[in-house]
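To keep things clear, I will list the structure first and then write my remarks on it.
The values are calculated or read from the model by the stated rules, or taken from the named source; none is laboratory data. What you see is a predicted model, and the numbers here were worked out from it, not measured in a lab. Cβ sites come from the backbone with ideal geometry, for glycine too, and all protein chains shown count toward neighbours. Protein only, heavy atoms only, side chains kept; ligands, DNA and RNA dropped before computing areas. Shrake-Rupley method; radii C 1.70, N 1.55, O 1.52, S 1.80 Å.
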Amino acid sequence: VQLQACGGGLVQAGGSLRLSCAASGRTSASSAMAWFRQAPGKERELVAAINYNSNTKYYEDSVKGRFTISRVNTKNTVHLQMNSLRPEDTAVYYCAGRVSSDIRTSGSDYTYWGQGTLVTVSS
């Protein structure tokens, strides 16, 4: 399975971006998917995750109410709509996928990783 993320860029504080992740290869609609991010000098952290049928979603506390994760299984895509962006959201964002259908919060539980897309929020 290959994951290709896109949609990053430079935006002013308060602005919005929409990240997309396309899966190819031996994909499975039963896989849980997630977005992680890593800021310079910081550890990677889980931003949002979604289970296979979108019934369960997880959001890191600082993005609740601002970010929305979604997926379209028929198109093998996962999206992260980011609104009200803040300078502290600046990071490289990675999409990740699990073999299993349930959400996990540790990066070590995710098997497939995209290449990352840079999000820069200016103040």
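State which residue is least open to solvent (accessible area, probe 1.4 Å) when the search covers only the stretch 102-116 and only residues that are farther than 14 Å from Val78 by Cα and either touching a helix residue (DSSP H, G or I) at 6+ places or on another chain (Cβ under 8 Å) or of a type in the set (Ser, Thr, Tyr) (or both).
In this case the residue turns out to be Tyr110.
Take the residues in the stretch 75-123 that are under 19 Å from Ala13 (Cβ atoms) and assigned to a loop (DSSP other than H, G, I, E, B), then tell me which one is modelled with the lowest pLDDT.
Out of the qualifying residues, it is Ser123.
Scan the stretch 34-57 residue by residue and report those that are farther than 14 Å from Trp113 by Cα and buried (at least 17 other Cβ atoms within 10 Å of the Cβ).
Selection gives Val47, Ala48, Ile50, Asn51, Tyr52.
List the pairs whose first member sits in the stretch 55-79 and is farther than 20 Å from Thr27 by Cα, whose second member is charged (D, E, K, R), and whose Cβ atoms are under 7 Å apart, counting only residues at least 6 apart or on separate chains?
Listed by first residue and then by second, the contacts come to Glu60/Glu45.
Would you point out which residue out of Ser28, Ser70 is assigned to a strand (DSSP E or B), open to solvent by 30 Å² or more (accessible area, probe 1.4 Å) and at negative phi? Let's see the steps before the verdict.
On the way: Ser28 fails: assigned to a strand (DSSP E or B).
After ruling out the rest, the residue left standing is Ser70.
With the requirement that a residue be open to solvent by 60 Å² or more (accessible area, probe 1.4 Å) and either within 13 Å of the chain's Cα centre (by Cα) or of a type in the set (Asp, Glu) (or both), what does the stretch 84-93 give you?
Glu88 - this is the single residue of the stretch 84-93 that is open to solvent by 60 Å² or more (accessible area, probe 1.4 Å) and either within 13 Å of the chain's Cα centre (by Cα) or of a type in the set (Asp, Glu) (or both).
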